[in-house]
1. Taking region 50-89, which residues are closer than 18 Å to Lys212 by Cα, modelled with pLDDT of 75 or more and not in a helix (DSSP H, G or I)?
2. Does at least one position in region 236-247 carry a residue that is under 11 Å from the mean Cα position of the chain (by Cα), of a type outside the set (A, V, I, L, M) and not in a strand (DSSP E or B)?
3. Kindly check whether there is at least one residue in region 1-13 that is within 23 Å of Tyr188 (Cβ to Cβ) and either outside any loop (DSSP other than H, G, I, E, B) or modelled with pLDDT of 75 or more (or both).
4. Mind listing just one residue for me: the one in region 206-224 that is open to solvent by less than 10 Å² (accessible area, probe 1.4 Å) and assigned to a loop (DSSP other than H, G, I, E, B) and, of those, modelled with the lowest pLDDT?
5. Looking at Gly159, Gly153, Gly140, which one is in contact (Cβ under 8 Å) with a residue 40 or more places away in the chain and touching a Phe, Trp or Tyr at 6+ places or on another chain (Cβ under 6 Å)?
6. Of everything in region 113-124 that's surrounded by fewer than 19 Cβ atoms within 10 Å (Cβ to Cβ) and within 16 Å of Leu16 (Cβ to Cβ), which residue is modelled with the lowest pLDDT?
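The values are calculated or read from the model by the stated rules, or taken from the named source; none is laboratory data. For clarity, every value in this text was computed on a predicted model and none was experimentally measured. Heads up, the Cβs are rebuilt from the backbone with ideal geometry, glycines too, and the neighbour counts pull from every protein chain shown. Note: areas computed on protein heavy atoms with side chains; ligands, DNA, RNA excluded. Shrake-Rupley method; radii C 1.70, N 1.55, O 1.52, S 1.80 Å.
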Amino acid sequence: RARSVFDATSYGEVNLGYAFPNNPSSRGHVNHVDFSVLEKLKTWVSPINIAGALNSRIRNRVISNTVGKPIQFLFNAFYPLHMRGDADIQIEEAPRIPKEVDNLFGTCTTRFQNLVIRDHEYLKWRYEDHPTHSYRIFLGYRGDILLGYCVCGSAVRKGIEIGLIMDLFSDPDDKGMAKSLIGRAVEYMAEQNMMLAACILASKSPFLRQLKSLGFICPAKTFTYVIRSNSDELDPGTLRHVRDWHITFGDADFV
């Protein structure tokens, strides 16, 4: 099926295909559909409510609170939930994606050699107009200039509600903006009583250091990311430079 889908689209203007197959399917993509594995994308997770997560598994509130609350207290002492960005940054929640995001994307897109276009039209289609999922949008400003955004979603896995950083975008050199956006996303998830915060990023993502500094650790869960070029104009070497890719949960269709 993967071959038929990609072959059908390759006759138009689709020069590159990508997918997030599971482990058995990834072998088929590589061996039979000419995809290449870019890397195993790690899931970075930060605990928000350890006691609640434990209780969802062992169903004993006394044990969950006795074990989970002290660990959460210590974790929050090292990684407080309040924002840690620059003092001149304002983070605002917005009901929709503003059109000024086109200026942000146009300014910063050259900092990422490979990424899905994140203009207003695409972001509105992906998040505002999604038929089954709802998302929360946070915008980062210095003064009245939009310099970054973060989109949050959620999912339930094995009885645990997980907050998802669906997308994060700003100038990679603006460390304070990325940190403020991630911090506000985790604050929102805590306000909604979610138990974990999760994000996927490429191993060389410029945002990875900010993610780690706010308490995100890497568990065992990974997602295989594969690509297939259908154009001689695309440099295979450049496509396989992981550091040049910006990949988030929002680039997949399963959340």
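1. Hit for region 50-89 is Tyr79, nothing else.
2. The initial filter retains those residues of region 236-247 that are under 11 Å from the mean Cα position of the chain (by Cα), namely 246-247.
After this cut, where a residue has to be of a type outside the set (A, V, I, L, M) as well, the list is 246.
Right, trim to not in a strand (DSSP E or B) and you get 246.
Yes, region 236-247 contains at least one residue that is under 11 Å from the mean Cα position of the chain (by Cα), of a type outside the set (A, V, I, L, M) and not in a strand (DSSP E or B).
3. No; the residues of region 1-13 include none that is within 23 Å of Tyr188 (Cβ to Cβ) and either outside any loop (DSSP other than H, G, I, E, B) or modelled with pLDDT of 75 or more (or both).
4. Once the filter is applied, the top-ranked residue is Gly215.
5. Working: Gly159 fails: touching a Phe, Trp or Tyr at 6+ places or on another chain (Cβ under 6 Å); Gly140 fails: touching a Phe, Trp or Tyr at 6+ places or on another chain (Cβ under 6 Å).
One residue alone meets the criteria, Gly153.
6. Among them, the one singled out is Gln113.
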